[in-house]
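In what follows, a single structure is set out as structure tokens and then discussed.
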Amino acid sequence: MILLEPRFVNPKFKIYFGSRNDEYKDDESFIINYLRDIYSITKTDKFVLMRQTHSDNIKQIKKPKFIKYEGGIFYHLVNQTDGIYTTSFDIALCVKTADCMPVFVIASDIISAIHMGWRGAQKLILKKYLKTILLERKIFPQNIFIIAGPHIRDCCYSVGEELVPVFKRTYKDVSSLFIERRHRLYLSLENALRIQAEMCSVPDSNIYTLAICTHCASRIFHSFRYEKSSHKRNISFIIKVR
């Protein structure tokens with residue numbers, strides 16, 4: 001796992017980017033055992049995960065109903081959402097990825113976890129969340145910090161030309177999203193992230209990305225495109241500690 005402590009915001013925030021684990025086979029046991037491994041490493045024991053559907057749905061986590069599992073972990077699942085946020089301490093907000101981008105946002109006392117693949121990027125899920133906290137919480141853009149983890153980058157993320165008009169429905173300019181090389185198109189999720197942040201006036205200097213491609217680093221991270229067919233995911237999370 002990769003530990004990131006965003007001390008440029010507040011040393012009480014911790015972010016962990018999960019790496020691959022080939023020990024477990026099926027989906028359900030994989031997640032539970034993966035969380036047990038996280039607990040053994042970090043001593044984090046309360047996890048909120050999403051049943052991700054590539055939507056732009058975002059939900060606030062107030063009082064999650066945890067289920068206790070053997071091995072000392074507590075687990076709460078949120079249905080049909082791809083973004084969660086909370087003001088609570090000691091609760092790990094998790095994102096499952098295997099090429100999609102895990103995005104974490106820190107704004108005042110609010111932390112959030114967002115799952116963003118090409119569908120979430122096209123639906124402007126980050127912009128939707130930022131508008132929510134900007135308007136509802138009255139947080140200034142300069143006080144919002146965005147951290148993005150390992151994902152399939154534009155070096156490897158080849159897409160079809162049919163995606164261009166789809167993105168033109170929500171982006172004024174797609175020239176930085178689609179990069180042409182060797183007569184093929186490659187999509188940049190990082191640039192989509194930065195454009196959405198710019199839409200909400202978040203300074204580019206407040207965005208931190210780990211320049212790691214899951215497809216290139218498939219020996220370290222699960223990559224759906226590299227493995228072709230897999231239920232396995234990297235589980236990353238953000239937590240606010242006391």
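Only the coordinates and a few stated rules stand behind these numbers; no lab work does. Because the structure is predicted, anything quoted here is derived from the model rather than measured. Here the Cβ is made from the backbone with ideal geometry for all residues, glycine too, and neighbour counts use every protein chain on show.
Odds and ends about this structure:
- Under the Karplus curve 6.51 cos²θ - 1.76 cosθ + 1.60, θ = phi - 60°, whole-Hz ³J(HN,Hα) for the stretch 175-190, x wherever Gly or Pro sits: 4, 8, 7, 10, 10, 9, 9, 6, 6, 10, 9, 10, 9, 9, 5, 5
- Taking other C-beta atoms within 10 angstrom as a stand-in for reagent exposure, THR209, THR214 fall in the order THR209, THR214, fewest first.
- Estimated inter-spin distance, MET199 and CYS216, nm [label 7 Å along Cα→Cβ]: 2.7 nm
- Backbone N within the stretch 117-134 under 15 Å of label point (7 Å from SER176 Cα along the Cβ vector): 127
- Couplings 3J(HN,Hα) of the stretch 116-126, computed from phi: 9, x, 5, 5, x, 5, 5, 7, 6, 4, 5 Hz, in residue order, whole Hz [Karplus 6.51 cos²θ - 1.76 cosθ + 1.60, θ = phi - 60°; x for Gly and Pro].
- Test item: Cα-centred dipole of the stretch 1-72, Lys/Arg +1 and Asp/Glu -1 on Cβ, debye: 580 debye
- Reference-scaled alpha-carbon Rg (2.2 N^0.38 Å with N residues) for the stretch 1-87: 1.16
- Near the amide H of PHE221, within less than 5 Å, lie the amide hydrogens of ARG20, all on another chain or at least 5 residues away, with H placed in the peptide plane.
- Among the trypsin sites (Lys or Arg not before Pro) in the stretch 1-34, those placed in a DSSP loop whose Cβ has at most 12 other Cβ atoms within 10 Å are ARG7, LYS25.
- Residue among THR170, SER236, ALA197 farthest towards the positive dipole end of the stretch 142-242, charges placed on Cβ: SER236
- If both residues of a DSSP beta bridge must be in the chain, then about 75% of such bridges are antiparallel.
- In nm, spacing of pseudo-spin labels at PHE66 and ARG225 (7 Å Cα→C-beta vector): 3.7 nm
- The mean sequence separation of alpha-carbon pairs under 8 Å and at least six residues apart, normalised by the residue count of the chain, gives a relative contact order of 25 percent.
- The relative contact order of the stretch 1-139 comes to 19 percent, based on Cα pairs under 8 Å that sit 6 or more residues apart.
- Residues ILE41 and LEU77, FRET efficiency given R0 of 25 Å [Cβ-Cβ distance, rounded to 0.05]: 0.70
- Geometric descriptor of the stretch 153-236, per residue, is 133 Å³ (volume of the convex hull of the Cα atoms).
- Residue-averaged 222 nm ellipticity for the chain, from DSSP H runs of 4+ at -39500 (n - 2.57), nearest 500: -6500 deg cm²/dmol
- Cα-based convex hull volume of the chain per residue, rounded to whole Å³: 121 Å³
- Dipole magnitude of the chain about its Cα centre (Cβ charges: Lys, Arg +1; Asp, Glu -1), debye to nearest 20: 480 debye
- Rounded to whole Å, sorted largest first: equivalent-ellipsoid semi-axes of the stretch 13-138, Cα gyration tensor: 24, 17, 12
- Span from the the stretch 1-65 Cα centroid across to the the stretch 211-238 one, whole angstrom: 15 Å
- The loop-placed GluC sites (Glu not before Pro) in the stretch 149-242, going by DSSP, that have at most 14 neighbouring Cβ atoms within 10 Å of their Cβ come out as GLU161, GLU162.
- In a reduced charge model with +1 at each Lys and Arg Cβ and -1 at each Asp and Glu Cβ, the stretch 1-140 shows a dipole moment near 680 debye about its Cα centre.
- For the stretch 1-44, the fraction of alpha-carbon pairs in successive 10 Å shells from zero, as %: 25, 45, 22, 8
- Charge dipole of the stretch 1-97 about the Cα centre (unit charges at C-beta), most positive-ward option of GLY71, TYR24, ASN10: ASN10
- Placing a pseudo-label 7 Å from each Cα along the Cα-to-Cβ vector at GLN142 and GLU162 gives an inter-label distance of 4.6 nm.
- Translational D in µm²/s for the stretch 65-202 (Stokes-Einstein at 20 °C, 1.002 mPa s, Kirkwood Rh from C-alpha pairs): 132 µm²/s
- Each residue of the stretch 81-88 was assigned a 3J(HN,Hα) from its phi angle through the Karplus curve 6.51 cos²θ - 1.76 cosθ + 1.60 (θ = phi - 60°); the sequence is 8, 10, x, 9, 8, 7, 10, 7 Hz, with glycine and proline shown as x.
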